[in-house]
Structures are given as C-alpha cells and as structure tokens.
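Before any comments, here is the structure.
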C-alpha cells in the first residue's frame with residue numbers, strides 16, 4: 001500500500017511539477033510577508049533556522065546517496081526559497097531602495113531565480129555557494145539581535161560565524177564523500193571567498209541596509225507635539241481623495257517664518273539601544289547637487305512594536321526641493337523623505353492625527 005501511494009505521488013508530482021513550484025513560491029512569499037512580524041521574535045528565528053537545517057540536510061543527502069537525487073533538490077529549493085523570501089521581507093523593511101538597491105537586487109535575484117536554479121541544485125559548488133549566502137545573510141541580523149549590539153565588530157563576528165558553520169558542513173561532506181570535495185576544492189574556495197568579500201564590500205560601503213533596524217513611520221508635518229497620553233499630535237497636508245494609496249502630500253506649503261517638522265519611528269529589537277540622525281538636505285539648482293544643511297541625532301530605544309519615536313524641526317528653510325534621510329551612526333540609510341517646499345501666504349488646510 002505504501003509503495004502504491006509513493007508511486008502515485010511521484011506520478012502526480014511529475015505531471016504537475018511546473019505548476020506546483022511557482023504556486024508554492026508565490027504562496028510562500030505572500031505567507032512570509034503576512035506572518036513575519038518582528039525580526040527579534042523566537043518564531044521568526046526558528047523558521048529561519050528550520051529552513052537552514054533543511055537546506056543543509058538536503059545538500060548532504062543529495063551528495064551521499066543517489067536515491068535522494070530526485071527529491072532532495074526539491075527540499076533544497078523549498079528551503080532556499082523560504083529563506084530568500086524572508087530575507088527580502090526583512091531587508092526591504094530596513095532599506096532605502098536608492099541606497100541599498102544592489103544588495104536588494106541580489107536577494108531578489110536569488111528569490112525569483114529559485115525556479116531557474118533547479119538543475120543547478122545538483123551541482124555541489126552551487127549548493128554550497130547558495131548555502132553560504134543564506135548563512136551570512138541570516139547571521140548579519142541574527143547576531144546583533146542575539147547579543148544586543150550593532151556595529152562593525154558585530155558584522156565581522158557574523159562573517160566569521162558563517163565561515164565556521166560553512167566549514168563544518170564541508171567537513172561533514174568531506175568525511176562522507178572525500179573525493180568529490182577534493183575535485184571541487186578550488187572552485188568552492190573561490191566562490192565562498194568571493195561571496196564573503198562581496199558582502200563585506202556591501203557592508204562597509206553602506207549598501208547593506210542597517211538591519212535589524214527598520215523604519216515604521218516617516219513624514220513631514222506642520223506641527224508635532226507630545227500630549228499627556230504620551231502620543232504625538234501632528235498636523236499635515238493630506239493628499240486629495242482621488243490620490244489612492246498616498247496619505248501625505250509631497251508638496252509642503254510653507255508660510256515664511258513657520259517651522260517644518262520631520263517625524264520618524266524607528267524599530268529596534270528589544271536589547272538594542274542605538275542612535276540615528278535626521279540628515280536635512282536641499283537641492284541646489286545651480287550645481288545640480290544635494291547640499292546637506294544639518295544633521296540632528298537622537299537615541300533609539302529597542303522593543304516598541306511601532307518603533308521609537310522622534311522628530312526634528314527646522315526653523316530656517318527656503319522654497320525648493322528638500323529631502324531628509326534617517327541615517328545610522330555609520331551613515332547607513334534607513335529611509336529617505338523627499339518633499340517640495342512652496343512658499344504661500346495662506347496656511348493650507350491641515351489634517352490632525354496622533355502617532
């Protein structure tokens with residue numbers, strides 16, 4: 001009976017394989033987007049660790065026994081798809097696309113290309129290269145969450161830990177299939193070293209987002225005031241009713257002498273206390289460059305679901321194009337707000353809200 005059920009499963013799988021994988025991919029990505037909440041929660045990290053274990057076990061199985069060659073790549077593909085799906089969700093939450101697009105494009109490449117790579121999963125160097133990529137990508141935010149600190153030293157620890165775990169898997173494979181590892185040793189070393197150096201370059205050039213931080217709220221306001229309930233009462237120019245999906249007007253109607261407020265809420269994991277800055281810049285039409293006017297920093301205390309709230313105010317401003325970046329102490333960009341200041345004599349119609 002069990003044999004017949006297995007054979008039936010094989011026939012159904014082979015018949016509908018080209019439909020099942022894209023559907024599973026899309027369903028998994030939507031599920032991750034809806035269910036992955038906070039980067040410091042136990043459930044989210046257990047999911048990532050489960051995927052990593054499945055991927056590692058799949059690599060071992062497919063290389064030590066021919067009987068697993070047909071189905072082990074499917075489990076690897078499923079695990080890698082789940083990992084890169086989760087990475088895209090969390091890294092995008094921490095990223096300013098303009099600053100981090102090369103790294104985000106790399107994650108999207110692995111995510112969307114997961115179906116294309118199916119045949120490549122039978123190649124040992126490719127398997128281990130992708131596995132090292134997910135180990136390092138996970139360690140980049142898991143280590144800061146675990147030890148409660150961020151910084152260059154913590155990133156270097158993440159890299160060393162990833163190399164150690166990678167070496168452990170290679171040791172297991174070398175013990176099981178020594179000849180196979182020996183024949184690909186140069187290609188494997190070059191690939192792992194290349195990925196390690198690339199991610200280090202991305203980090204030290206501020207291309208990797210400042211994960212595990214993420215920007216929850218960001219906007220430009222006419223007034224910001226903390227009330228007795230501990231909430232921030234704000235007023236802003238709303239978008240017209242027909243501007244679907246947009247809450248705040250990117251045009252700021254400014255009366256001379258009036259202050260301009262920028263408010264942000266930055267999420268940090270429970271044990272991480274850090275600082276960020278609002279970097280104010282205006283666009284110089286003559287030179288065609290953005291000119292930084294000032295940078296105002298404030299502390300961020302971790303643990304609040306909606307993010308730690310803070311605002312900066314600029315009293316001396318002029319009409320034109322402005323932007324404010326939320327940046328870390330290292331200069332990594334969490335978010336960017338662009339708005340156009342237009343001088344007016346009449347105070348615009350404002351909407352009140354609390355944050």
Tell me, yes or no, whether the range 286-307 has at least one residue that is at pLDDT below 95, in contact with a helix residue (DSSP H, G or I) (Cβ under 9 Å, 6 or more places away or on another chain) and closer than 30 Å to residue 147 by Cα.
no
If we scan the range 317-337, do we find a residue that is more than 28 Å from residue 103 (Cβ to Cβ) and surrounded by 15 or more Cβ atoms within 10 Å (Cβ to Cβ)?
yes
What number goes with the only condition from (1) modelled with pLDDT of 85 or more; (2) within 22 Å of residue 307 (Cβ to Cβ); (3) buried (at least 21 other Cβ atoms within 10 Å of the Cβ) that residue 83 does not pass?
(2)
Per-region count, the range 173-197, residues without any contact (Cβ under 8 Å) to a residue 40 or more places away in the chain and closer than 14 Å to residue 132 by Cβ:
5
Conditions first: (1) at pLDDT 90 or above; (2) surrounded by fewer than 14 Cβ atoms within 10 Å (Cβ to Cβ). Residue 185 passes all but one, so which condition is the exception?
(1)
Restricting the range 271-288 to residues that are over 18 Å from the mean Cα position of the chain (by Cα) and assigned to a loop (DSSP other than H, G, I, E, B), which is surrounded by the most Cβ atoms within 10 Å (Cβ to Cβ)?
271
Any chance the range 325-337 includes a residue that's farther than 28 Å from residue 230 by Cα and outside any loop (DSSP other than H, G, I, E, B)?
no
When restricted to 317, 346, the only residue modelled with pLDDT of 90 or more and part of a loop (DSSP other than H, G, I, E, B) is 317
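The values are calculated or read from the model by the stated rules, or taken from the named source; none is laboratory data. Bear in mind the structure is a predicted one, so any value in this text is a computation, not a measurement. FYI the Cβ positions are ideal-geometry reconstructions off the backbone, even for glycines, and counts take in every protein chain you see.
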